[in-house]
Structures are given as C-alpha cells and as structure tokens.
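The next block holds one structure in the form of structure tokens; read it before the comments.
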Amino acid sequence: MNLNRVTTVTDRVPLKTALISVADKEGLQPFVEGLWQEIPDLVIYSTGGTFTLLQELARERDPGLVRSITEYTGQPEMQGGLVKTLDYRVYLSLLSESHNEDHQADLIRTGAVPFDLTVCSLYPFEETAAREGRTLEDLRTHIDIGGPTMLRGSAKNFLRVLAVCSSQDYSGVLQEIRQGQGTTSLKFRLAQALKVFSCTAHYEETIARELARAAAEQELESLYTDIPLADSSATGNPPQEA
C-alpha cells in the first residue's frame, strides 16, 4: 500500500466550505452567526436537525449558504437516521490534500468540494449509560458511527481541515478565524486534531466499558427474540438455493 507522505502544505487555509452536524446544539446559533460575520460567503453542508436549524438561520441572509448532505451525496439516509454522512464524496471532501494532483482530479471528477471545517458533536452515549434502567439495546442505539468517522477523517487531514468536536471550542475557533482574517493556521488545526482524537478515544472506551457492564447485568434472551436462520422471511434475505 502506497501511503502519502506530505511535505508541502499551506499554513493559512481560508475557510470556504464547512460540514456541521451536532447532537449538542448549545451555542451553535451564535457560533454560526460569528462564522458568517467573519466569512459572509461560507457555505455549510449539514444533516437532520442541524440542517433545519441552520437553514432557518440562513433564510434572511442567503438560503444557498446552507445545503443538505443528502443532496450533496445523492443518497437518502437509511431508516433510523443511519448512514447520512458515510459516503465517498463526503470523505473525498475531508481527506483530499491541497497539493495532491490526483486528489484534486478526484474532486473535479466527482463534482465534490473540499470541506475546510468540520464541526461535530457525538450522540450522548454517556448520558444514556447513566440513565436508570437503561438496557444493552438502549446503549447500542446511541452508538454514533458517522460522527466519529467524520471527526477522525478531518483530524487526520489537519494539513487542511479544522476539526471541532466540542462547543467549548467555539469561541477559540472564532478568535482564530478573526485573527487570521478568515483563515486557520496549521498549528491551530493540529491542536484541534489532538482534541478530536482524545475525544473519540474516550468515546470508544466508554462504549466498550458500558456495553460490557450492561451485558453482565442482563441476559440477552430477555432483550432479543431469537429467529431461526431458516426463517428467511424474518431477515429479509432470499432463500438459499440447495
């Protein structure tokens, strides 16, 4: 496998396009308004409830500043709100390197745009784990897949992308953008990437611990009904040929 070793980067990257999808919407409105104050033409791609909130914020400013990820990818989400952001175009937008000619050709080929900023907070797994009477199934449904993947992809490409995993960082991000006149520095992006990897590591560790605890407390048979594999109608799979 050929791994890229990057030696040429752009220190100050101008923010043009953002990906924002947060479970915790505290402070999001003033943060986005602050972004638009510094970068009036910043385009934001988003999902679900975050998209609805941002769409309302952009209504009087310019509705075209907020766009749906499902329209960007051309794929609807799965039932249950699954697989909204797990798409090739999204990760091409996050992982493409500025000075890589092949990456730039991929962007052109797919009609994708590079995302310069990712803001994402994860499903509140710890809050679910702390609830009295919570079950293994309660925990399972609150495991975030797309969020950690977006954050890790963005953090890996700190060469170009600024990753933000907590509302506590909003004021610092706005200060960085203000001082950089709409740009972020390599040093700041790396610092944010370190926060992201610490956040996702803690998230995974918590999931492993709490799933094990719940599994020890409750028999699986009390939660799930076993359906024989021969009953293909229940699984939705076609019958196997002999």
In the stretch 1-43, which residues are open to solvent by 20 Å² or more (accessible area, probe 1.4 Å), under 21 Å from the mean Cα position of the chain (by Cα) and not polar (S, T, N, Q)? PRO14, LYS16, ALA23, ASP24, LYS25, GLU26, GLY27, PRO30, GLU33, VAL43
Of THR118, THR149, the only residue that is modelled with pLDDT of 90 or more and assigned to a helix (DSSP H, G or I) is THR149
State yes or no: is PHE197 under 27 Å from THR70 (Cα atoms), outside any helix (DSSP H, G or I), modelled with pLDDT of 95 or more and in contact with a helix residue (DSSP H, G or I) (Cβ under 7 Å, 6 or more places away or on another chain)? no
Do any residues in the stretch 177-197 that are over 21 Å from SER121 (Cβ atoms) have Cβ atoms under 8 Å from those of residues that are buried (at least 17 other Cβ atoms within 10 Å of the Cβ) and of a type in the set (Phe, Trp, Tyr), where the two are at least six apart or on different chains, and which pairs are they? LEU186/PHE158
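Tell me, please, whether a residue that is open to solvent by less than 50 Å² (accessible area, probe 1.4 Å), of a type in the set (D, E, K, R) and at pLDDT 85 or above can be found in the stretch 54-61. Give the steps one after another, and end with the answer.
Of the residues in the stretch 54-61, the ones open to solvent by less than 50 Å² (accessible area, probe 1.4 Å) are 54, 57-58.
Retained after the next criterion (residues that are of a type in the set (D, E, K, R)): none.
So far as the stretch 54-61 goes, no, none of its residues is open to solvent by less than 50 Å² (accessible area, probe 1.4 Å), of a type in the set (D, E, K, R) and at pLDDT 85 or above.
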Boolean, SER98 is modelled with pLDDT under 95, among the small types (Gly, Ala, Ser), open to solvent by less than 20 Å² (accessible area, probe 1.4 Å) and under 19 Å from VAL6 (Cα atoms): no
For the stretch 125-137, how many residues are exposed (fewer than 15 other Cβ atoms within 10 Å of the Cβ) and part of a helix (DSSP H, G or I)? 3
All conditions in (1) in contact with a Ser or Thr (Cβ under 7 Å, 6 or more places away or on another chain); (2) crowded, with 22+ Cβ neighbours inside 10 Å are true of GLN192 except (1)
Could you please give the count of residues in the stretch 23-48 that are of a type in the set (A, V, I, L, M) and either in contact with a Pro (Cβ under 9 Å, 6 or more places away or on another chain) or at pLDDT below 95 (or both)? 2
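Please go through the stretch 112-129 and give me each residue that is in contact (Cβ under 8 Å) with a residue 12 or more places away in the chain and more than 15 Å from CYS165 (Cα to Cα), ordered by number. Break it down into steps so the answer makes sense when it comes.
As a first pass, look at the stretch 112-129 and keep what is in contact (Cβ under 8 Å) with a residue 12 or more places away in the chain: 112-126, 128-129.
Hits for the stretch 112-129 are ALA112, VAL113, PRO114, PHE115, GLU126, THR128, ALA129.
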Out of (1) closer than 22 Å to GLU26 by Cβ; (2) surrounded by fewer than 13 Cβ atoms within 10 Å (Cβ to Cβ), the one ILE69 does not meet is (2)
PHE158 being in contact with an Asp or Glu (Cβ under 7 Å, 6 or more places away or on another chain) and free of Cβ contacts under 8 Å to residues at least 40 places away in the same chain: no
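The values are calculated or read from the model by the stated rules, or taken from the named source; none is laboratory data. Everything numeric in this text was worked out from a predicted model, so none of it was measured. Glycine gets a Cβ as well: all are built from the backbone with ideal geometry, and neighbour counts include every protein chain shown. Quick note on the areas: whole protein, heavy atoms, side chains included, nothing else; ligands and nucleic acids left out. Shrake-Rupley method; radii C 1.70, N 1.55, O 1.52, S 1.80 Å.
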